[in-house]
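Quick one: structure below, then a few questions.
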Amino acid sequence: MNTATISPIVLLFLSNIFMTFAWYGHLKSLKDSAIWVAVFISWGIAFFEYALQVPANRIGINHYTLPQLKIIQEVITMVVFAGFSVLYMKQSLKLDYLWAGLCLLGAVYFIFRSP
């Protein structure tokens, strides 16, 4: 793999960190704030998500098919979400998450196996 094939993955990973905080971070950090405050702060965070996600997909489409980009994004989302859940939200991991992860690996296999 070269830089051109790795850079969309790195950008999607960073984008998903912002996305996860925009979608779920307010449940912990802004739970006592008015909903409109949480919405506007989440929108502000989401700006950075899109600032990374759009270039990731623009670069990625030159090296991956659209379904491959989507599966890459979904796997990254689940990895980032698992870390966020455990480290930030202090949720415990369950064995079912491992099985779900294995299903995602199956999706990766099937989407990348044919030319």
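Residues checked against (1) loosely packed, with under 13 Cβ neighbours inside 10 Å; (2) touching a helix residue (DSSP H, G or I) at 6+ places or on another chain (Cβ under 9 Å); (3) assigned to a helix (DSSP H, G or I):
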{"site": "His26", "(1), (2), (3)": "no, yes, yes"}
{"site": "Ser42", "(1), (2), (3)": "no, yes, yes"}
{"site": "Phe47", "(1), (2), (3)": "yes, yes, yes"}
{"site": "Ser85", "(1), (2), (3)": "no, yes, yes"}
{"site": "Ser92", "(1), (2), (3)": "yes, yes, no"}
{"site": "Trp99", "(1), (2), (3)": "yes, no, yes"}
{"site": "Gly106", "(1), (2), (3)": "yes, no, yes"}
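Give region 28-40 a look and list any residue that's assigned to a helix (DSSP H, G or I), hydrophobic (A, V, I, L, M, F, W, C) and under 23 Å from Val86 (Cα atoms), or say none. Working first, answer last.
First pass over region 28-40, keeping only residues assigned to a helix (DSSP H, G or I): 28-29, 35-40.
Remaining after also requiring hydrophobic (A, V, I, L, M, F, W, C): 35-40.
Within region 28-40, just Ala38 meets the criteria.
Turning to a different aspect of this structure: Could you check region 25-53 and list, in sequence order, the residues that are touching a residue at least 40 places away in the same chain (Cβ under 8 Å) and within 12 Å of the chain's Cα centre (by Cα)? I'd like the intermediate steps shown before the answer.
From region 25-53, those touching a residue at least 40 places away in the same chain (Cβ under 8 Å) are 25, 27-28, 52-53; that's our starting set.
Across region 25-53, the qualifying residues are Leu52, Gln53.
Where a number appears in this text, it was derived from the coordinates with a stated rule and is not lab data. Source: prediction; values computed, not measured. A quick note on method: Cβ atoms are made from the backbone with ideal geometry, for glycine too, and the neighbour counts reach across all protein chains shown.
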